[in-house]
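Just so it is clear, none of the values below were taken in a lab; they were calculated from the coordinates. Because the structure is predicted, anything quoted here is derived from the model rather than measured.
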Amino acid sequence: MLRDAVPAAPFPLPPSPAVSPAVLPEKGPLTLERLRGLWPRIIEDARARSPLLGALLAVTEVAVVQGATVGIRLLDTNAVHAEGIERQRDALAQLVGRYVTEPVRITLEGAGSGERSPQRATRMTEEGARQERLRALRAKDPSLSAAVDALDLELLE
């Protein structure tokens with residue numbers, strides 16, 4: 001006796017990664033209110049595509065929409081987050097573009113956007129650490145500092 005039915009798989013197959021389980025909303029105009037309303041959904045979509053991008057977007061909000069430019073603001077001051085958003089800017093623009101009728105450009109806005117100071121932190125060397133300790137000793141004891149200056153002494157550890 002032949003059976004026409006295909007036997008069931010012993011375990012369920014995972015969904016195909018090419019098919020997104022979430023249905024996109026209808027594309028609409030690029031407005032601040034609409035984008036703010038869609039932002040949680042955009043974050044979830046980003047998380048499904050790239051966990052890193054999803055994590056970065058979780059600490060952002062839509063700050064401004066001007067024409068086809070979307071300005072997002074970091075909710076923290078972590079420079080690593082700002083740098084990550086900068087590196088993922090094109091991917092984010094494509095992701096947001098799935099929800100609107102026109103291509104968008106992404107910018108970081110505000111003081112929380114991790115703008116770098118002109119002076120970049122440098123790596124501490126052994127000599128630099130030693131000098132820092134000696135500076136701290138001189139600052140703690142003004143008489144020691146006065147003696148070093150008056151007698152032109154060199155402090156040793």
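Here the extension length gained between Glu44 and Ala91 equals 15.5 nm, from 0.36 nm per residue of separation less the Cα-Cα distance. For Glu109, the residues 5 or more places off, or on other chains, whose built amide H falls under 5 Å of its own are Ile72, Arg73, Leu74. A cut-off of 5 Å between modelled amide H atoms, ignoring neighbours fewer than 5 places along the same chain, links Gln88 with no other residue.
Taking 0.36 nm per residue of separation and subtracting the current Cα-Cα distance, fully stretching the chain between Gln131 and Arg105 would add 4.6 nm. For Val64, the residues whose modelled amide H falls within less than 5 Å of its own, excluding neighbours fewer than 5 places apart on the same chain, are Gly71.
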